[in-house]
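> Take this structure, written in structure tokens, and hold onto it; I'll ask about it next.
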Amino acid sequence: MNGSLLEIENLSVSYRGEDGSVFTAASEVSLSLNRGESLCIVGESGSGKSSVAMSVPRLLPSPPAFWPQGRILFDGKDILAMSPKELRSVRARRIGVVFQDPIGSLSPLHRIGDQLAETLFLHCDVSRSAARATALEWLHKVGIPEPEQRLKAYPHELSGGMQQRVMIAMALMLGPDLIIADEPTTALDVTVQSQILSLMRSLVGKDSALLLITHDLGVVAKMASKLAVMKDGRVIETADDVSAFFANPSHPHSRALVAEARKMEL
Ligand code: ADP
Ligand code: MG
């Protein structure tokens with residue numbers, strides 16, 4: 001089959017409040033992503049980016065989240081219609097997720113080497129000692145200095161940038177087809193941000209695809225092969241040519257975002 005790796009079709013994402021009220025965070029979103037591409041979803045805070053992105057690995061707690069319409073086709077299969085078992089296997093092996101806050105997704109109680117090795121041991125058919133060797137290799141790959149020592153560290157003993165490198169190792173080491181990163185550098189200072197972005201760029205190969213969420217057009221310029229702008233839950237503009245977008249954004253809101261980003265750079 002020649003379809004896209006990820007095809008989001010006419011997707012709406014809503015949340016039901018305790019009083020039964022319904023808030024729709026994303027409406028009629030359609031996006032597609034192929035291997036070798038990196039799609040950035042950009043937009044202001046609250047525009048619905050995370051609601052869309054986190055629907056893909058079904059990491060939105062449901063309830064309160066639900067999907068009144070649309071499909072999320074991953075390799076042609078609708079994630080919203082998968083059984084819990086299918087979903088678990090896709091999520092573990094084929095989709096890697098990098099969050100803004102690495103400390104929230106690493107266990108504070110276990111040494112990072114053990115966490116990485118355990119994930120490999122659980123999901124790949126390898127011995128514990130092979131898993132440890134691969135964990136070490138990945139710490140090396142993501143640029144952690146003295147990786148042998150760091151295997152024994154607990155997450156809180158590492159800086160935010162180093163924690164994010166561990167998260168990236170965790171997300172990438174099982175060789176996912178799709179990597180979803182939701183504001184992966186927002187919590188980091190500027191120099192570390194750009195190191196983490198280059199790292200992600202170098203590790204996401206042409207056989208995999210990156211869905212990157214950001215409110216920062218500087219990140220889009222560095223990372224995207226295509227982009228979608230969201231506002232108030234809707235995709236208001238998409239572009240397959242990122243430089244053409246920056247030269248001439250077509251929606252007034254995109255123009256305002258680009259102008260704002262230029263001002264910040266000066
Ligand atoms: P973004 O990632 O662009 O900042 P989000 O997808 O996180 O946007 O949020 C979009 C809208 O959905 C926001 O108005 C937010 O308050 C609302 N929202 C997010 N999560 C929930 C939830 N669990 N319950 C109710 N509303 C939510
Ligand atoms: Mg968000």
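> With +1 assigned to the C-beta of every Lys and Arg and -1 to the C-beta of every Asp and Glu, and no other charges, what is the dipole magnitude of the chain about the Cα centre in debye, to the nearest 20?
Working: 27 positive and 30 negative charges, 88 e Å.
So the dipole magnitude of the chain works out to roughly 420 debye.
> What is the distance, in nm, between label points placed 7 Å from the Cα along the Cα-to-Cβ direction at residue 156 and at residue 128?
Output for this residue pair reads 2.6 nm.
> Taking residue 85 as the anchor, which lysines have their alpha carbon closer than 19 Å to its alpha carbon, excluding any fewer than eight residues away along the same chain?
The reachable lysines, counting only those whose Cα sits under 19 Å from residue 85, are 77.
> Next question. Angle check, please: helix 252-265 long axis (alpha carbons) against the longest principal axis of the chain (alpha carbons), in degrees 0 to 90, nearest 10.
Approximately 50 degrees, to the nearest ten.
> Solvent-accessible area of residue 262, probe 1.4 Å, all protein chains present, reported in Å² to the nearest ten, please.
130 Å²
> So, taking all protein chains as they sit and a 1.4 Å probe, how much accessible area belongs to residue 154, in Å² rounded to tens?
The value for residue 154 is about 70 Å².
> Between residue 231 and residues 5 or more places away or on another chain, which pairs have amide H atoms under 5 Å apart, with H built 1.01 Å from N, and which residues are they?
236
> Using a 1.4 Å probe and ignoring any ligands, DNA or RNA, find the accessible area of residue 49 and quote it in Å² to the nearest 10.
Ignoring ligands and nucleic acids, residue 49 comes out at about 10 Å².
> With a cut-off of 8 Å between alpha carbons and a minimum separation of six or more residues, what is the relative contact order of segment 4-265 in percent? If you can, show how the numbers build up before the last one.
Working: 482 pairs, mean separation 69.3, N = 262.
Across segment 4-265, relative contact order equals 26 percent.
> Let me ask something else. Helix-only mean residue ellipticity at 222 nm, the chain, DSSP H runs n ≥ 4 weighted -39,500 (n - 2.57), per residue, nearest 500. What is it?
On the way: 11 runs with 105 residues, N = 266.
Using -39500 (n - 2.57) per qualifying helix, the result is -11500 deg cm²/dmol.
The values are calculated or read from the model by the stated rules, or taken from the named source; none is laboratory data. Since the structure is predicted, the reported quantities are computational estimates derived from the model, not experimental observations. All Cβ positions, glycine included, derive from the backbone under ideal geometry; neighbour counts span all protein chains shown. Please note that ligands, DNA and RNA were not included when accessible areas were found on the heavy atoms of the full protein model with its side chains. Shrake-Rupley method; radii C 1.70, N 1.55, O 1.52, S 1.80 Å.
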